[in-house]
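Beneath this line is the structure, given in structure tokens, with notes to follow.
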Amino acid sequence: MDKIYCIGKFQFESKEKYQEALDDIEKIKYISKKMDINEPGVAQRLYTLVREGKIVFHSVIGEDYLLYLSDMVVEDYRALSRDSFASRIVKRLKQVSPRQVVGVICMAGAVICFLVFLGSEYRDQKKTRELEKMKNEQEISAASDWLSTKFIDTLQTDETDGEIVVAQTETVDNEVYAAEPIQEIGPQILPEYQALYEKNSDLAGWLTIEGTGIDYPVLQAVAQSSDFYLNHDFNGKEDINGSLFLDFRNNLQEPNDNMIIYGHNMKSGMMFGGLKQYLEPSFWREHKKVTFNTIYEKSEYEIVAVCLSKVAEDGAGKFKYYDFIEAGSKKAFRQFVKNIKELNIMDEKLELSYGDKLLTLSTCNSYTEDGRLFLVAKKCEK
């Protein structure tokens, strides 16, 4: 069997290429210790040194670092351009007539709106890259665990016919708002989520729905701050997109009858922005499959209902779909199903039975004040 050399998502066809990549990593570490890339102008200087050949990389890891530097340069340039443009506008306003002032203000407003749009697009792209990186880490973790297992099995059976070399990568500890770490007693965390869980112990799992753009980690909300992830990302940093998060009342180790995941309906399509496509019956029929892997278990669900509702006012008799966590009894389950049938906008028969495990995906919808769009999915038998 041929040797496999890999570092993270990168694979190398020879030991020489692998060693060059290790050398590039050492260079990057040294640069990071000597220079703060977040300081103004540092990214530009580094980028120039690399382009001029004064700093030389020999591997794809070095090329990836150069792309990272270019992103930083673009971000610095945009910030500088906004500042310079604003200064020129103020100077110009002092020299023009009132009528011209109005025109300049209108033009400046248009330009500012455009810059805000560009900033929003850049943030969304950056967020997407971060999520893709997390997804790659998840896949790499699973692959590394598989390779390690195969390697150990080979040693134990004395049937080794090759060598597998896997470089270990360092992780950076993030100080994020997190729930108390789950005790070791109980179900074991799946290998592919170990690395992500170490970064944020609020990790509940990963949700994927093909055709919607939904492919995100799901965080576990806590009672003390159940809406924290409405405006914070995986690393606990403020983010207008927020994150997908599981209802704080749900139990991952002993799954409830209904697991509820919340997320923003972003115009950009991020988070649960793609759920509005389910308002079209044809889209629902072709995209019923939902994959929700908790950190302990892999599961698939089938979407059986697409519902429009609103935040119910307090009072007896008001149906609150977001309060159905445990059925408790057949009678309570039948009542829940009855209410779902009334809110379901799909014409097909709703097939739910007492004992079914459910997954509810909830987001906002502007069809009415405090409107909500929520999907009910049934867990598929393995």
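The values are calculated or read from the model by the stated rules, or taken from the named source; none is laboratory data. This is a predicted model, so every value here is computed, not measured. Glycine also receives a Cβ, built like all others from the backbone with ideal geometry; neighbour counts cover every protein chain displayed.
The number of residues in the stretch 252-280 that are polar (S, T, N, Q), in a loop (DSSP other than H, G, I, E, B) and modelled with pLDDT of 95 or more comes to 1. The residue that is surrounded by the fewest Cβ atoms within 10 Å (Cβ to Cβ), counting only those in the stretch 264-287 that are of a type outside the set (A, V, I, L, M, F, W, C), in contact (Cβ under 8 Å) with a residue 40 or more places away in the chain and closer than 14 Å to ILE209 by Cα, is GLU286. For the stretch 1-53, a tally of residues being over 28 Å from the mean Cα position of the chain (by Cα) and polar (S, T, N, Q) returns 4.
Would you be able to say whether some residue in the stretch 324-331 is surrounded by 13 or more Cβ atoms within 10 Å (Cβ to Cβ) and in contact with a strand residue (DSSP E or B) (Cβ under 7 Å, 6 or more places away or on another chain)? Within the stretch 324-331, one or more residues are surrounded by 13 or more Cβ atoms within 10 Å (Cβ to Cβ) and in contact with a strand residue (DSSP E or B) (Cβ under 7 Å, 6 or more places away or on another chain). Yes or no: LYS27 of a type in the set (Lys, Arg), out of contact with any strand residue (DSSP E or B) (no Cβ under 7 Å at 6 or more places or on another chain) and without any contact (Cβ under 8 Å) to a residue 12 or more places away in the chain? No: the conditions fail for LYS27. Among the residues of the stretch 230-237, is any in a loop (DSSP other than H, G, I, E, B) and more than 29 Å from GLN194 (Cα to Cα)? Among the residues of the stretch 230-237, not one is in a loop (DSSP other than H, G, I, E, B) and more than 29 Å from GLN194 (Cα to Cα), which makes the answer no. Only strands (runs of 3 or more DSSP E) whose full extent lies in the stretch 288-382 are considered here, and the ones with at least 1 residues that are over 24 Å from PRO217 (Cα atoms) and either polar (S, T, N, Q) or touching a residue at least 60 places away in the same chain (Cβ under 8 Å) (or both) are 300-310, 371-379.
Tell me, please, whether a residue that is in contact with an Asp or Glu (Cβ under 6 Å, 6 or more places away or on another chain), more than 30 Å from SER329 (Cβ to Cβ) and either among the small types (Gly, Ala, Ser) or outside the structural domain of TYR322 (by TED's automatic domain parsing) (or both) can be found in the stretch 210-233. No, because not a single residue in the stretch 210-233 is in contact with an Asp or Glu (Cβ under 6 Å, 6 or more places away or on another chain), more than 30 Å from SER329 (Cβ to Cβ) and either among the small types (Gly, Ala, Ser) or outside the structural domain of TYR322 (by TED's automatic domain parsing) (or both).
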